[in-house]
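These notes are about the structure you will find just below.
Readers should treat all values here as calculations from the given coordinates under stated rules, not as data from a laboratory. These figures come from a predicted structure and were not determined experimentally. Here the Cβ positions follow ideal geometry from the backbone for every residue, glycine too, while neighbour counts run over all protein chains shown.
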Amino acid sequence: MVRVPVRAASALDLVAVEAIYAGEVRQHTASFEIESPDLTEIKRRWVDVCNRGLPYLVADLEGCVAGYAYAVPYRARPAYCYTVEDSVYVAPWARQRGVGLALLRALLSGCEMWGARQMVAIVGDPATNNASIRLHEKAEFRSVGTLVGVGRKFDSWLDSLILQRPLGHGISTNPGDPRVPV
């Protein structure tokens, strides 16, 4: 397998990010968005992630953006401040080449450095999204539950699978303890 270079996304990458995501929204059920966000909205989301200090990454193959990944806070309430949720999308032409795993590993590392202690993955429509499930399992996520029929897209009720993985010291130490580096 080819080594996949991963780097921080720049504003110039967002056209490719928009194209990758638009295909997923319009044709598949991994995302429960119904309408594909435009470039302005993609940029707003990228800026929001970057302003939080969380990673927003792209993978390069053959001189093109082959995929992207980012993390956002899992929930807004303060008690969730050590938990993030990931998103990983790979361009159709770049699948099964290690892009997703390279992105996810870099994202895990970046979120650990940020101070997150748990990462959650919400896999839309697990019945048809085996690639995402396998990707997360390779990265040591474990399934913690299924929300049944929580989404509706393409005239079908869809489930969401929740996977989780500890980061750094997980819940074994107090994150405020200065004796233990994150």
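Key figures for this structure:
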read-out	value
Segment Ser36-Val15, extension gain: residue separation times 0.36 nm, minus the distance between their alpha carbons	6.3 nm
Dipole axis of segment 20-139 (+1 Lys, Arg; -1 Asp, Glu on Cβ), positive-most option in Ser31, Ala71, Val47	Ala71
Length-normalised contact order for segment 1-94 - Cα pairs under 8 Å, 6+ apart - percent	26 percent
Relative contact order computed over segment 55-182 (Cα-Cα under 8 Å; 6+ residues apart), in percent	21 percent
For Glu85, distant residues with modelled amide H under 5 Å away	Val72, Tyr74, Val120
Most fluctuating residue given options Asp125, Asp38, Asp155, as computed from a GNM of the chain linking Cα atoms under 10 Å	Asp155
Residues of segment 93-130 with amide N under 13 Å of the 7 Å Cα→Cβ point at Thr146	123-130
Surface/4 estimate of mean projected area, convex hull on alpha-carbon atoms of segment 6-166, nm²	9.0 nm²
Model label zone, Ile171; criterion: amide N under 18 Å from point 7 Å along Cα-to-beta-carbon; scope segment 82-103	82-85
Label-zone membership for segment 155-170, site Arg26, 7 angstrom Cα→C-beta point, backbone N under 18 Å	155
